[in-house]
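Beneath this line is the structure, given in structure tokens, with notes to follow.
What follows is calculated from the coordinates using simple rules that are stated; it is not laboratory data. As the structure is a prediction and not an experimental result, all values here were calculated from the model. Methodologically, a virtual Cβ is constructed for each residue, glycine included, from the backbone with ideal geometry; neighbour enumeration extends over all protein chains shown.
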């Protein structure tokens, strides 16, 4: 008997990753980036850091690793869209209340019509946003899996981080009116 697997349509079309060593300012950058339109709330999910390492070590097949990455990211993005697994702990850096547009996401979580949420998501085409730790040696699998949709920014060099805001403007993403972090200018 022959088993044939087909490719499914991915939910996540654009992926935004912020990576760096522990305590390097990833959540600070995440809070800045969350002020831009078309960026979903940041998520932290440790398995996404391990899969590329396992594939690199040959512990799992690279194509299998790519599909697991896509499946896990799509699952977590769907759960974010529907309001599952929000972090309501106000004191946490990953709290939904640290997102400038948190009211939008809380309102979306109350929507009963999932098809409506999905339609709006497909029309907006936002970046799905994750924080990673020390992933740069293995980042290639993300580029292979998500093609041009992955934008990796390392927190190791603050100058490059600030220049990232220029990329967001080139991508036609404007910050929220009145949302300007101290000392950072968002002009072209």
Which distance in nm do the two modelled labels at residue 108 and residue 1 give, with both placed 7 Å along the Cα-to-Cβ direction?
4.1 nm
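Return the FRET efficiency for the residue pair residue 63, residue 120: r is the Cβ-Cβ distance, R0 is 25 Å, and the value is rounded to the nearest 0.05.
The calculated FRET efficiency here is 0.20.
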Could you work out how much longer the chain between residue 74 and residue 23 gets when fully extended? Use 0.36 nm per residue separation minus the Cα distance between them, nm to one decimal.
15.7 nm
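Going by average Cβ neighbours within 10 Å, how do the peptides 26-38, 99-111 rank, with the highest at the top?
Top of the packing list down: 26-38, 99-111.
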Across 10 Å bins from the origin, how do the percents of Cα pairs in the stretch 1-111 run, short distances first?
12, 38, 32, 14, 3, 0
What ranking do 18-25, 126-133, 65-72 get when scored by the average of other Cβ atoms within 10 Å per residue, highest first?
126-133, 65-72, 18-25
Normalised radius of gyration for the stretch 31-73, please: alpha carbon Rg relative to 2.2 N^0.38 Å, two decimal places.
1.48
